[in-house]
Structures are given as C-alpha cells and as structure tokens.
Amino acid sequence: MYLKLALRNVRKSLGDYAIYFITLFAGVAVFYAFNSIEAQQILFDIQQDDDVFKSVSEFMGLFSYVVAFVLGFLVIYANGFIVRRRHREFGTYLTLGMSTRGVTLVMLIETLLIGLVALVLGIAAGFLLSQLLSFATAKLLGTIIQHYQFVFSMGALKNTVLCLGIIFAVVALFNVVIIGRTSIIKLLDNASRQQRVIMRNPIASAIVFVASIAILAFAYNRLAENGLLMLDDPKFMQATIAMLIGTLLLFWSAAGIVIAIVSKLKAYHRGLTAFTMRQVASRINTAFVSLWAISVILFFAMTVFSTGMGIADALTSNAEKLTPYDCSAPLFQSIDQTLEEEGGDALAAYQSNEGDRVAAIRLADPDWDTYVREAVQLDSYLLISKSGEGAAYTYDDLLSNSNVPMSEALASITNNETPVTMQKLSQYNATMRMIGQTGLTLGHDEVAIANTIDFAQAQADDLVSNHAHVSYGGYELTVACGTSVEESNTAMGSVGLVIIANDDIVDELAANDQALYSSSYLNFMFVTNDADANDQALSRTSQRCKDAYSESWPLEATLTQQEMLSQALFLRMLVTYLAVYIGFVFLIAVTALLAIRQLSDVSVSLPRYRTLSRIGTDEHDIQRSLRHQVELYFLAPLVVAICHTAWSINVMNGSLTAALGVNPANSIALTTVLMTIIYGGYMLITYLVSKRLVKATLAR
C-alpha cells in the first residue's frame, strides 16, 4: 500500500521534485566523474608518472568530502521545501488514521524512488562526463589517446553510492523528526500562512546604499593596489572585509532605493508593475543575508573557474624549458660559523676542496663518475654584507639607478630590502655549455642579466638596452648589450634578474664581506636514461655523503628532471580539476538554494495570486509578473557577483596573468557558457514550477 501511494504521489508531484531531482542528478554526475580520475590512467602510456594520478585522485577524494557535505545540505534543504509544500497532505493522512511512521515511510519511499532514478541517470551522465574528462586529461598531459576505451570506475561508483546512502539516511531521520514533532493542526493550517511584506524606509535605504557603494569602491581600490598577488598583505584583507560588508549593505538597501526610484515613474502604476516590484523587494528584504552569501559564493566560483585553469597552465607550461638538466642538487645552507659549530667535517671538506662539491662527493663515493656523465656547480651570492649590517644592493637600486620602472608583479615579490643575486661567469657558462647553449663573453667591467621570469623580462630588456650601471662594492659595472639571457640555470625553475659577473669580481666581493654565499646548485647529466638505476645510484651516493660528512654538505637533496616534470604535471592537473570542481559544485549549490528559496516564497504567496485572479486580473498578466519576479530575484545576486568577478579578473590580468602570458578569454567564455546552462536552466525550471503552482491555485 505504501509503495503504491508513494508511486502515485511521485507522479502527482513531479513538479515539486524537479529542483530536488536536478540537483541530485547533477551532484551524482560530477561526484562520480571527478572520483574516477585514477581509473583514467590506463588510457595513457605514462607508467613513470603513476603517482601523479594517484596523488591527484587522493586530493580530489579529500575535496569530495566537502562536495558530499554540500550535496547533503542541498538534498536536505530541497527535501524540506517538499515537506513544507505537502504539510496539508500529510495532515490529511494523519487525520484519516495513518501513523506518523507510515507518513514518514511514504515520504522515504518517494525520496528513494527519486534518488534511485537520479542515481542511475547521474552515474550514466557521470560516466559520459568522465570520458570527456579523459580527453581533457590528455590535453593537460600534452598527448593524445592512441587506443581509446571506455573506462568505468568501480571505486567511484562505490563512493557515490555510499555518499548517497548516507545522505538519504540523514534525510529519513530529518523527515521523522519534522513530521513527528509537528501537530496535525499545524500541518493542516500551514497552507493558510502568508509571507509578510517587508519594506524599508527609503531615506534609510538611500543612506545605506550610498555607504555600500563607497565601501565597495574602497574595496576595489585596495584590491587594485594589492594586485591579488600577496594574500597576506593587509590591503588584501582590507579589500576582502570591505567587499563582504559593502555587498551585505548593498542587498540590505537596494530594494528600498529601487522601489523609491521606480515608484516615481509612470510605468510603476501600469499593470502589475507595483505588485511585482513590491514582491521582489519584500523577498530581497527578507532574504538579504542569503542573497549576500549566494552572491559572494557566485563571485568566488566564477573567479576560480575563470582564472584557475589559465594560471595552472601558465605556471607549468614551461616545465620542460625550466628543467634542462637530468638532475639538480640544491644546497641552501651557508658555509659559515654556524655550520662550523654544527658540523666541522662538512666545513673541513668545503675548505679542503675550495668549495668544490663534486670533489667532495668523489671522496665520499668513488662510483660517482660511473653514472654521472657531467656535473657543473653554480653558486649564488647575495649582494649584502655577511654580517647583515652593511647596506645591501637591492632590486630597487638596480632598476631605479637605470631609470627602469618596476612592474607591480615584480614589486609584489621584492621590497626595498631584497638584495640582488650574483653568479660567476665561469660557472654560468659551464652550465650553459652542458645543455648545448652558447656561453657569454664579458669585458672585465661588464655584467649580464639572466632572467626566465616572464613578468620581469621587460625590466631585463630595459636594463640591457639602457646599458644599466651596477655600482656596488667599489665597482662600476655596466650591463653588456644583448646579454639578457633567458635560459634556466637550475632544475628548480625560474631565475629573476640575476647578475652574471666575472669570477674575480665575485670572489673579491665575497672576500671583502660584501657578498654573502646563499645557495648552490649542482646540475648534472646521467650516463644512461635508466631512471630506476639512476635513482638507486643517487640514493647510494647521498647515504655515503651523510656517512662521510656530518652535515651531508656536498649532496643534501636531489631533484631529477622526471621528478620536476611530474610535480609540474601534478600541479597542473590538480589546480585545473579543483577549479572546475569547485566552480561547478558551488554554482550548483547557490543556484539550487536560490531556486528553492524562490519556490518557497511563491508557495507562501499563493493566496495573493488567488486574490488577484478574483478581482479580475488576467492570468497572462499574473504569469508575466511571476516571470519578472523570478528573473529579478535570480539576476540580483548574479549582477553583483559579475561586477566583483570582472574587477578581480581585471586586477589579476594587470598584475599577474598578462605577465604570465595567460589569456583568460577562453576560461571566461567557458564560464559564461556554464553559467548560462546551469544558472539559466535553474531559473527556467524555477519559473516553470512556480507557474505550475500558481496555475493550480487559480484553477481551484
């Protein structure tokens, strides 16, 4: 009997379940697709990067807990709307003698039926989406799928079913509590309750509205000054807080100020314009906090989706160019008095080998030359006194003395106290020759500028074209013409405005306590391409160095080219997938909340539409008023979110994305399409369901 009743109710209440079903369907599809990433690995011939797929899948799995929570909240929220809509029906069941347990069971069967259909169709859609995700993964990997096959992930299926099962268990408990604690009188009387119309004082609204615009202008200005580069900058925090406060005040006051302005127009008194505007204003005034939250989340989702993929591509697209060596061994610990106290053996080795790391490694491991074909050491020195008390030669000094403007992006990662880095010409040329590049030729008082950072390349070129002067430590050096070098000199990646000088100048500055040894890179090439054998040999050498020197001075850590490329691939996949995942899930969440809130308001306001019909208002006019209400209610938070997003993208483009060579046009276009489909789709469904509710009310 309960099953038969539930089936009949589902057929009768399909409109009420529309938002519930669509949200569940979309959530299941995206949940399955992004939990099936690891299963896609069989499509690609990248056995050496097995851990990349596993690591990305683990991160996506962790984020899926958040998605599951959001999806559960949406399902419970949508279920609450359905329960409220059917209070009178449930009250009738109880009046006729059905037990509370029976009513709850009917509701549970209904939600399970809808849930099973959404699960089956969602898994099917998620399966198709995962296949599209495979081609997107191929693009991220820079490869093509030679032997395509359909990949179904049992692990993703189990996770999706488990997640949905937990959600439905919570929904069942929710229904038991709500229906069990509500009296029959309240259930039967629920339909007679009406929404209270809330209108704000127009003068107070105008004052708060002007204040909100001023606060938002302050936020936009602070964000422009910050450039969205340093998130720990007080300006970014000020911009964030001001944006949140300004947006909240905007929604609090907007309805009142709009009504005050529109009511002065002649069109306000035509047709149902006054009724429509007051309905929208009342809903905004009642739900301004939720509209504020929805607008902020929309802004976050659109910004992440529009910029995340482009930035991930820019940060990793030059990975092969920035990893020209088979392996690079960084060493950041300075050889100074501290090291002498902690590891005399390391300092003794350094001194006895004149700082030659290769010589020290050979003493510890005679097998070094059996698997390393060539190795070159490249040391870096900071132009600052070793004691830290002397004046440093900073990037500001380097650029300002040559009338070269500093870009916002470069200024954000440097300050007036950041010293310039200097390297020896012989070491630099040796590293270049090792990878087949031409070395530099400098006069005694000439230097070159090495740079691989896109947003500092304009400054590097200006320093060269202006024959910039470097005045430091008693030296007057000139940047040689045509020596803005763009090749990387470490397997760690980017190099920014590094001065390449003759060896004797660097040695003298270091000897005179005017240059501080800061780091060293030992770049080398292997004899063979056997990655496993090379890794084993490196581990053996590292252990022998640790045994020979207490501080493992010559070989503290190693980063192979394959490791760097794998890390770049991992970063690219993770950021791209998270940007899409976050953007899609948050967009679904806010639009579903907006739709359910709108349907709830329409449901409560049904007596007003019945009154309009009784006084002779044409049904077509009522439906048009309803359409305008839905449009205005959906567009209000969207317009504010678009303004915030447009400004943020503009700021980021001026400070970072343009410098990185990122064109956000494709991401913005994709975001627009996604917004049109999802946001517009929910708005259309909301209007159709609202129209059905009103039409059914008018037909009674």
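Values for this structure:
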{"item": "Overall form of the range 432-480 per C-alpha gyration tensor (a/c, 1.5; a/b vs b/c)", "result": "oblate"}
{"item": "Under 5 Å, built H, 5+ apart or other chain: amide partners of C327", "result": "F524, Q561"}
{"item": "Long pairs among K54/K546; K424/K546; K158/K691, criterion Cα-Cα beyond 30 Å", "result": "K54/K546; K158/K691"}
{"item": "Length released on extending from K4 to A214, taking residue separation times 0.36 nm less the Cα-Cα span", "result": "69.6 nm"}
{"item": "16 Å cut-off, amide nitrogen to a point 7 angstrom out along D547 Cα→Cβ, residues in the range 353-376", "result": "361-368"}
{"item": "Note, ³J(HN,Hα) from phi for the range 568-585, Karplus 6.51, -1.76, 1.60, rounded to Hz, x at Gly and Pro", "result": "5, 5, 4, 4, 5, 5, 5, 5, 5, 5, 5, 4, 5, 4, 4, x, 5, 5"}
{"item": "Dipole of the range 557-673, positive end: most advanced residue of M573, L606, L593 [Cβ charges, Cα centre]", "result": "L606"}
{"item": "Karplus (6.51, -1.76, 1.60) ³J(HN,Hα), θ = phi - 60°, over the range 597-611, in Hz, Gly and Pro reported as x", "result": "5, 5, 5, 5, 5, 5, 4, 5, 8, 4, x, 5, 5, 5, 5"}
{"item": "Under-5 Å amide H pairs with V447, H placed in peptide plane, nonlocal only", "result": "T478, V479, A480"}
{"item": "Probe 1.4 Å, accessible area per residue of the range 565-700, Å²", "result": "40 Å²"}
{"item": "Global size of the range 536-691 as Cα Rg and Dmax, reported in angstrom", "result": "27.9, 98"}
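The values are calculated or read from the model by the stated rules, or taken from the named source; none is laboratory data. Please read these numbers as outputs of a predicted model, since none were measured by experiment. Note that we place each Cβ from the backbone using ideal geometry, even for glycine, and neighbour counts take in every protein chain shown. These area figures cover heavy atoms from the full protein model, side chains too; ligands, DNA and RNA do not enter into them. Shrake-Rupley method; radii C 1.70, N 1.55, O 1.52, S 1.80 Å.
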